[in-house]
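Below: the structure, in structure tokens.
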Amino acid sequence: MNSLKTGIVIFFMAVSLGLGTESNAQCDTIATLCERNFDNGFVSDGQSYRALLLGDQNAEFYSTFYGGSTYRISGCTGLENGNLEFSLYDEERNLLFSNKDFATDEYRNAPYWDFKIKSTINCIIEARLNGDNMASGCAVLLIGFKQ
């Protein structure tokens, strides 16, 4: 009886490891696609902010942006641009930017945003899936700066 329980536990651990590896590979692919949004002199800061999202879940990422610098935030999920909604807040949760609420479709759910910071600020970046297009997926945010 003990060997049966042990076998079941080992089976479920193996399945969990396999799913974890598969989702990690999916995130690697999305991160590679997201890097394509870095051009025009933007260089990645070397970080890859990732979260596996289901349904209407949000992911929060924290970053410090330094004064006098120009940045690009690139947000991706899936194999096409426009599936990730992301918003940038200051530490007091004042909205600084959101790619969700643009009046024109040209900028709604834009895959990246460029901005210049006058003084150093700590920020919260919130990401969620575009519910119209995706029910689950790996969200990847990349932050780059202009050299």
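Taken together, the values in this text are just the output of simple stated rules run on the coordinates, not laboratory data. The model shown is predicted, which means the values in this text are computed figures rather than measured ones. Neighbour counts run over all protein chains shown; Cβ positions are idealised from the backbone, glycine included.
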**Q.** Simple label model, 7 Å out from Cα along Cβ direction - Gln47 to Ser98, nm
**A.** 2.3 nm
Q.
Per 0.36 nm of contour for each residue apart, how much would the distance between Phe115 and Glu80 grow if the chain were fully extended, relative to their Cα-Cα spacing?
A. 10.3 nm
Q) Between Ala25 and Gln57, what is the label-to-label distance in nm when each label sits 7 Å out along the Cα-to-Cβ direction? A) 2.1 nm
(Q) As a footprinting exposure proxy, order Thr77, Thr64 by other Cβ within 10 Å, with the fewest listed first. (A) Thr64, Thr77
Q. Got a sec? How would Val140, Val43 order by Cβ neighbour count within 10 Å, fewest to most?
A. Val43, Val140
Q) Along the Cα-to-Cβ line of Asn133, 7 Å from the Cα, sits a label point; which residues in the stretch 61-83 have backbone N less than 13 Å from it? A) 75-83
Q) Got the relative contact order for the stretch 65-147 handy, in percent, Cα pairs under 8 Å and 6 or more residues apart? A) 47 percent
Q: Can you pull the one-decimal nm distance between simple spin-label points at Asn40 and Ile124, each 7 Å off the Cα toward Cβ?
A: 2.9 nm
